[in-house]
Amino acid sequence: MILSVVQEVLGYRVKAPRIVFSKWFSIAKIALFILSIAVPVVAPTAVSLGLVASLVILLAVLGLRRSAVYTVFTAAILYLIMFSTAFLLHGDLERITRLTLLASSSLSTIILIASTTKPSMLRRWPTLYLFSIVFANTLKEVVDIATVYRARGSGGLRYVLQVVVASMAMSIARTSTLVDSLKARGIEVTE
Amino acid sequence: MIIETRNLRVSFNGVEILRDISIAFDSGVHIVLGRNGAGKTTFLRALANLVRFDGDVLVGGRSVKKMGRREIAMLIGYCWQNPYYGFVEATVEDEIRAITRILGVSGDWRIVELLVPREYMGRDPSTLSGGEAKRVSMASILVADQPIWLLDEPFTYLDRDGVEAVVNLIDYGRRKGKTIIVTLHEIFYANLIKPDTYAIIDGGTIKFFDRWSSLSDEELAKAGLVPRGVICDTLCGPRGLGVQS
């Protein structure tokens, strides 16, 4: 499921309406990111829940439906695991709820930022620019490498580990070639 | 504009890739030939100051070591071999416009017209086919209209239309007085672009450097390249393509 979310996020940057790449939308995204961390930590649970619900609806309205479903799905799984563990070990259930809401709200804003931020918007900050390029390139290759492992019959935890290890190796190898690409365009980046 | 090397040496992890290369290229088209792993790509990367090297590379009499990255990118257009390795933007249009915005130049959009069909512009570069990606990758650098072009194996991935586009591009660059250095590992495409000179790299040094008309099959064979005679025998002989026996 995560691979289809990655494809949706990367594909969205090509077909998204222009407004999501505007300066005002960028400011709103930064504000949302700060809120997504601050609200679940300090505000009452109901308010945090309202924020998460709004963010999920926003993703769905923007056309990122798979991402919205993924956020809800992972939140449910995370809450189920953490709640049952805390229940069995007599842990703090309210803190578990807050943590789950924090994870869900930050995940949805990260998805929102990743899908509505083109690398060109970060060109003024070479290191951030390189990071966003390496990130996007690695995600694209993760999708390819996952297909290769699946075609070879890999599955289960082994498949996940193979993809994770290959992705990390790829991002390191890819950084140097992308640095060359930026240098050829006149941007000095220190590796 | 003249680009020249003086005692150029490049080593990676103690292994010498290029040894003591001193050569100069003026306006026109120049082919650098060499077998796989001969050091052609490293040579181009050194010219563009993308690898550490000893010796010097001079552009218009000035050392690239004393130039900033932006200045080098204004003078030298370096196009890498694998197009997918260099994509940095979300759409083809952004990819092509990136260098003009970074360098603050209007660019020469005739170069883009020659290489990239309009319908590619809204696409994600990573979804392009090999040949499409190669065209976009080259256009994304050369649009800045630098006086020196370094083209690393520009014909890989290309179909007939793509080869024709690159040949037209090189011809356009020649007419604009650019210094164009093209690396190739086989001679077939060299004949299409009618270079002024050729250089053969082997074992990290320039073995031959002369006018294109002087190139002999013996030199090609010595450097581990397929001689023209073999290509002709295969394509034009009795068993060749399009010839009825």
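Only four residue types carry charge here, +1 at the Cβ of Lys and Arg and -1 at the Cβ of Asp and Glu. Report the dipole size of segment A:2-117 about the Cα centre in Debye, rounded to the nearest 20. Mind dumping the intermediate values first?
Working: 9 positive and 3 negative charges, 104 e Å.
In total the dipole reaches around 500 debye.
Say R0 is 41 Å: what FRET efficiency, to the nearest 0.05, do A:GLN162 and B:SER213 get from their beta-carbon distance? Once the sixth-power term is evaluated, E becomes 0.15.
For peptide A:175-183, how many partner chain Cβ atoms fall within 10 Å of a residue's Cβ, on average? Don't skip to the answer; put the middle values down first.
Working: counts 0, 1, 5, 4, 1, 8, 11, 6, 8.
Mean shielding by partner chains, rounded to a whole number: 5.
Only helices reaching 30 angstrom along their own axis (Cα) with mean Kyte-Doolittle hydropathy no lower than 1.0 count here, and for the DSSP H runs of chain A these are A:65-88, A:93-115.
For segment A:1-89, trypsin sites (Lys or Arg not before Pro) meeting the loop criterion (DSSP other than H, G, I, E, B) and having at most 10 other Cβ atoms within 10 Å: none.
Considering only A:THR117, A:HIS90, A:VAL6, and ranking their Cα positions along the charge dipole of chain A that arises from unit charges at the beta-carbon of Lys, Arg, Asp and Glu, the one farthest toward the positive end is A:THR117.
I want the antiparallel fraction of DSSP beta bridges within chain B, as a percent rounded to 5.
On the way: 20 of 39 bridges.
Counting DSSP beta bridges with both partners in chain B, the antiparallel share is about 50 percent.
Averaged over the residues of B:64-73, the number of partner chain Cβ atoms lying within 10 Å of the residue Cβ comes to 3. Taking the Cα centre of segment B:107-224 as reference, the dipole from Cβ charges on Lys and Arg (+1) and Asp and Glu (-1) amounts to some 340 debye.
Specify the longest stretch of chain B that does not include any exposed loop site, a site being one of the trypsin sites (Lys or Arg not before Pro) with a non-H, G, I, E, B DSSP assignment and at most 15 other Cβ atoms within 10 Å.
Working: sites that count: B:ARG52, B:LYS176, B:ARG239.
Answer - B:53-175.
Using Cα pairs closer than 8 Å and at least 6 residues apart in sequence, work out the relative contact order for segment A:2-117, in percent. Don't skip to the answer; put the middle values down first.
On the way: 103 pairs, mean separation 48.5, N = 116.
Relative contact order, segment A:2-117: 42 percent.
Hey, if you drop one equal point scatterer on each alpha-carbon of the protein assembly as shown and run the Debye formula without solvent, what base-10 log of I(q)/I(0) do you get at q = 0.09 Å⁻¹? Relative scattering, expressed as log10 I(q)/I(0), comes to -0.69.
For the protein assembly as shown, a crude dipole built from +1 on the beta carbon of Lys and Arg and -1 on the beta carbon of Asp and Glu, taken about the Cα centre, is about 940 debye to the nearest 20.
Too long at a 29 Å Cα-Cα cut-off: which of A:LYS183/B:LYS222; A:LYS23/B:LYS65; A:LYS23/B:LYS178; A:LYS140/A:LYS183; B:LYS178/B:LYS222; A:LYS15/B:LYS178? Provide the component values of the computation, followed by the final result.
On the way: A:LYS183/B:LYS222 36 Å; A:LYS23/B:LYS65 38 Å; A:LYS23/B:LYS178 40 Å; A:LYS140/A:LYS183 22 Å; B:LYS178/B:LYS222 31 Å; A:LYS15/B:LYS178 38 Å.
Table pairs above 29 Å Cα-Cα are A:LYS183/B:LYS222; A:LYS23/B:LYS65; A:LYS23/B:LYS178; B:LYS178/B:LYS222; A:LYS15/B:LYS178.
Restricting attention to the protein assembly as shown, close to 50% of DSSP beta bridges with both partner residues there are antiparallel.
For peptide B:84-97, the mean count of partner chain Cβ atoms within 10 Å of a residue's Cβ comes to 6.
Simple rule: put +1 on each Lys or Arg Cβ and -1 on each Asp or Glu Cβ in segment B:3-236, find the dipole, and look at B:LEU215, B:VAL59, B:SER129; the Cα lying farthest toward the positive end is B:VAL59.
Taken together, the values in this text are just the output of simple stated rules run on the coordinates, not laboratory data. All values derive from a computational prediction rather than experimental measurement. So basically every Cβ, Gly included, is an ideal-geometry build from the backbone, and we count neighbours across all protein chains shown.
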